[in-house]
Amino acid sequence: MKKLLYACLLMAAMLVSTTVAQAQTIANLNFENWAIRNGAEAPANWRNSDDYLLAALQQQGYPGGYVLTGAVTKTTTAHGGTYAANLANQSIALLGGAVFPGVLVLGSKVGPEGIGGVPYTTRPAQMQFYYQFSGAAADSALAIVYVTNTVAGQPNPLGVGLQVLAPTTGSYALASLPIAYTSSAAPDSVRILFISGNSRNRTVGASLKIDDVALVGTALATRADATLQEKLAVAPNPSTDGRFSLSAPDAPALASAALTVLDLTGRVVRQQPALAVPSPTRELDLSSLRAGIYLLRLDSKDGALVRQLTIK
């Protein structure tokens, strides 16, 4: 059982591994095309919870033949066309009853060899999609898009858009995720990730339906959020010890805003509420985290600000 739980943890580290498609053409963003994979229907050009869990189990030496999560299924309750994808939290007996989320990652390959993506060489201004999310009031899902280029053989995030999705009521809702760019460099790929259970205490059966995903608009060569970006300084970045200082002398409410830190799989690794008394400076201690790239999101009254943090 320990090996199985370890395999589950490995799955999270593998979520961001995808492969390529033809440049500027991203297939099946409307979830109309499905095929049998791992003994069940799965959306073409997307990898799901079963793909990653199976890969993690096989990496630990377990043969196939398991009944996996069934956390991503085809539904005819669609926004447009015939089908949509339904991501649902499931209790998995194989993992000791752990509640496993539905996961969709754009691309067609599973593997630990790095963060891939589908080729995409323009700078979209935002990602839009339609969704329904049902679950307990405390449940939340996550949508995230990364625009990257390749530096020294490794993906380098240039822009990110993310949104925590609360339960909805009624029909499909439109979500628009502005992509905040931290560089004017030309991208070469894009990655998209959806997770039905982003909270620490996932509810079995919480369901996230996704349909009609689109990358729209063209971001300016300079950051669209430049005014907000320039109010905040983060130093040192990269950090050798995981400690960062946030400074916003002209906007204390920004440095003092509620913050969330995510890793590149979209997993929340740190959350802090807004400071009771606004301060122009703030210390952020991520020394307990491993080296890598993280995303800092500050939710201020002036808007949300996303910055890339690097721990060496």
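The values are calculated or read from the model by the stated rules, or taken from the named source; none is laboratory data. Since the model is a prediction, treat every value here as computed from it, not as a measurement. Because the Cβ atoms are built from the backbone with ideal geometry, glycine has one as well, and the counts that use them run over all protein chains shown.
For the stretch 270-288, the criterion of being among the β-branched types (Val, Ile, Thr), closer than 26 Å to residue 141 by Cβ and free of Cβ contacts under 8 Å to residues at least 40 places away in the same chain is satisfied by no residue at all. Within the stretch 252-301, the set of residues being in a loop (DSSP other than H, G, I, E, B) and surrounded by 18 or more Cβ atoms within 10 Å (Cβ to Cβ) comprises 256, 257, 264, 265, 266, 286.
Here residue 58 clears all of (1) buried (at least 23 other Cβ atoms within 10 Å of the Cβ); (2) part of a helix (DSSP H, G or I) except the condition numbered (1). Of all residues in the stretch 80-91, those satisfying the criterion of being crowded, with 17+ Cβ neighbours inside 10 Å and not in a loop (DSSP other than H, G, I, E, B) are 84, 85, 86, 87, 88, 90.
For every residue, the table says whether it meets (1) closer than 27 Å to residue 56 by Cβ; (2) outside the structural domain of residue 30 (by TED's automatic domain parsing); (3) assigned to a strand (DSSP E or B).
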site: 127; (1), (2), (3): no, no, yes
site: 133; (1), (2), (3): yes, no, yes
site: 138; (1), (2), (3): no, no, no
site: 144; (1), (2), (3): yes, no, yes
site: 150; (1), (2), (3): yes, no, yes
site: 159; (1), (2), (3): no, no, yes
site: 164; (1), (2), (3): yes, no, yes
site: 168; (1), (2), (3): no, no, no
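Of the set (1) hydroxyl-bearing (Ser, Thr, Tyr); (2) closer than 23 Å to residue 159 by Cβ; (3) out of contact with any helix residue (DSSP H, G or I) (no Cβ under 8 Å at 6 or more places or on another chain); (4) modelled with pLDDT under 90, all apply to residue 239 but (4). When the residues of the stretch 181-207 are filtered to those that are within 14 Å of the chain's Cα centre (by Cα) and under 27 Å from residue 25 (Cα atoms), the one that is surrounded by the most Cβ atoms within 10 Å (Cβ to Cβ) is 196. For the stretch 283-312, the set of residues classified as among the hydroxyl-bearing types (Ser, Thr, Tyr) and at pLDDT below 85 consists of 300 only.
When 73, 77 are screened for being in a strand (DSSP E or B), assigned by TED's automatic domain parsing to the domain that holds residue 170 and either modelled with pLDDT of 90 or more or among the aliphatic types (A, V, I, L, M) (or both), only 73 passes.
Confirm whether residue 93 is among the hydrophobic types (A, V, I, L, M, F, W, C) and either modelled with pLDDT of 90 or more or under 24 Å from residue 190 (Cα atoms) (or both). No, not satisfied. Filter the stretch 227-250 for residues that are surrounded by 13 or more Cβ atoms within 10 Å (Cβ to Cβ) and of a type in the set (S, T, N, Q) and give the result. Listed by number, the residues that qualify are 229, 237, 239, 245, 247.
Just to verify a result, which residue in the stretch 43-55, among those that are in a helix (DSSP H, G or I) and modelled with pLDDT of 85 or more, is farthest from residue 197 (Cα to Cα)? Residue satisfying both the conditions and the ranking: 50.
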